[in-house]
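S.K.: Got a structure for you, questions after.
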Amino acid sequence: GRGGSDTSAVALAVALKSEKVEFFKDVSGIYDKDPKLNPGASPYNFLTHDEAYEICSRGAKVLHPRAIDLARKNDLQLHVIPFETWQTSSALGTRIGQKNTALIPEYETVTA
């Protein structure tokens, strides 16, 4: 069903003992309102797992709440990145994690 790939990605990351999952989406992150209906909507740069879970449980269709809950239970960081800009700026999007946990530093993308 909807959100199955989000939850599968988090479950795989947990099994592999990863610290972070990046989701490449057709949106620029998680917003305070639906940006398609509200042109003045503001994106969140950072949310805790609890905040992201609450927002996505109330209808934001960026990530499935089950994926966020599984990430929270396993202290896994999430990053929603717009797929059209993923190669140019990893600073975009919404990061999800614990407030008192430093986010994993970015790595350099190597291309041949």
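S.K.: Within segment 23-50, can you find the residues that are of a type in the set (D, E, K, R) and buried (at least 16 other Cβ atoms within 10 Å of the Cβ)? Don't jump to the end; show me each part of the working.
M.R.: So in segment 23-50, the residues of a type in the set (D, E, K, R) come out as 25-26, 32-34, 36, 50.
Of everything in segment 23-50, just one residue is of a type in the set (D, E, K, R) and buried (at least 16 other Cβ atoms within 10 Å of the Cβ), namely LYS25.
S.K.: Quick one: in segment 42-93, which of the residues that are of a type in the set (Gly, Ala, Ser) and at pLDDT 95 or above is nearest to THR7 (Cα to Cα)?
M.R.: Going through the qualifying residues, I end up with ALA67.
S.K.: Condition test on GLY59, is it touching a residue at least 60 places away in the same chain (Cβ under 8 Å), in a loop (DSSP other than H, G, I, E, B) and either touching a Phe, Trp or Tyr at 6+ places or on another chain (Cβ under 7 Å) or farther than 13 Å from THR94 by Cβ (or both)?
M.R.: Against the criterion (touching a residue at least 60 places away in the same chain (Cβ under 8 Å), in a loop (DSSP other than H, G, I, E, B) and either touching a Phe, Trp or Tyr at 6+ places or on another chain (Cβ under 7 Å) or farther than 13 Å from THR94 by Cβ (or both)), GLY59 does not qualify.
S.K.: Would you tally the residues in segment 15-51 being more than 16 Å from PRO65 (Cβ to Cβ) and assigned to a helix (DSSP H, G or I)?
M.R.: 1
The values are calculated or read from the model by the stated rules, or taken from the named source; none is laboratory data. The model shown is predicted, which means the values in this text are computed figures rather than measured ones. Glycine gets a Cβ as well: all are built from the backbone with ideal geometry, and neighbour counts include every protein chain shown.
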